[in-house]
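Q: Got a structure for you, written out below as structure tokens; questions coming shortly.
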Amino acid sequence: MNRVRLKLAIAAAAGGLLLSWNLVEAQVPAPAKKAARVNIIQGPELELARYGLVIIRWTTNNPGGSDIHFGVVHYGTDPKNLSQTARSQIRVNPNHPETVFRVRLVEMKPRTTYYYRVTAEESNGKSDGVESPVRQFTTPGPGEEYAANPASPVPPSR
């Protein structure tokens, strides 16, 4: 009799796990419809700059398509040669009208002017069709920091 109860308990537990898996799976929304046109609606701008590290931020309308996208920054010290690239992965929320991209640039030289352009792409490498004009920033020296908040204003991007 105990064996029968044990088998029933195992079967019930396994069935419960399968049922909960199906419920969780059913809650994952389908990817959002691909936007007809993706536009940068804010930025790009310097969010943070400290010795060796810079974060560039911008906002677009929701690009739709696949859930995984990449923010991409092409940069360099010559505005005509943006030969370095930094990418950061994000997950697009299909229920939000906007998407915020943040990309980290590392191993930045102190007190150096860099030029950059931002773009975004789906996980398959296909461009979202958005690209900013070339902007610039100058990295701080050792012990200095720029942050995008009222207490520590960021030098304006050009």
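Quick note: the coordinates plus some simple rules give every number you see, no bench work behind them. Model, not experiment: these values are computed from the prediction. So basically every Cβ, Gly included, is an ideal-geometry build from the backbone, and we count neighbours across all protein chains shown.
Q: What is the fewest-to-most order of I41, I90, I56 by other Cβ atoms lying within 10 Å of their Cβ?
A: Values: I41 12, I90 16, I56 28.
Result, fewest neighbours first: I41, I90, I56.
Q: Shifting gears a bit: Subtracting the Cα-Cα distance from 0.36 nm times the residue separation, let me have the gained length for N124 to A148 in nm, one decimal.
A: That pair, N124 and A148, stretches by 5.5 nm at full extension.
Q: Follow-up question, since we're still on this one. Taking other Cβ within 10 Å of each residue's Cβ, how do S123, S88 sort, fewest first?
A: Values: S123 13, S88 16.
The most exposed by this proxy come first: S123, S88.
Q: Alpha carbon centre of region 44-95 versus region 108-151: separation in Å?
A: 7 Å
Q: Which net charge results when you count Lys and Arg as +1 and Asp and Glu as -1 among the other residues whose beta-carbon is under 11 Å from that of L48? Kindly include the intermediate steps, with their values, before the conclusion.
A: Numbers: positive: R50, R57, R102, R104; negative: E45, E47, E145.
Summing Lys and Arg as +1 and Asp and Glu as -1 gives +1.
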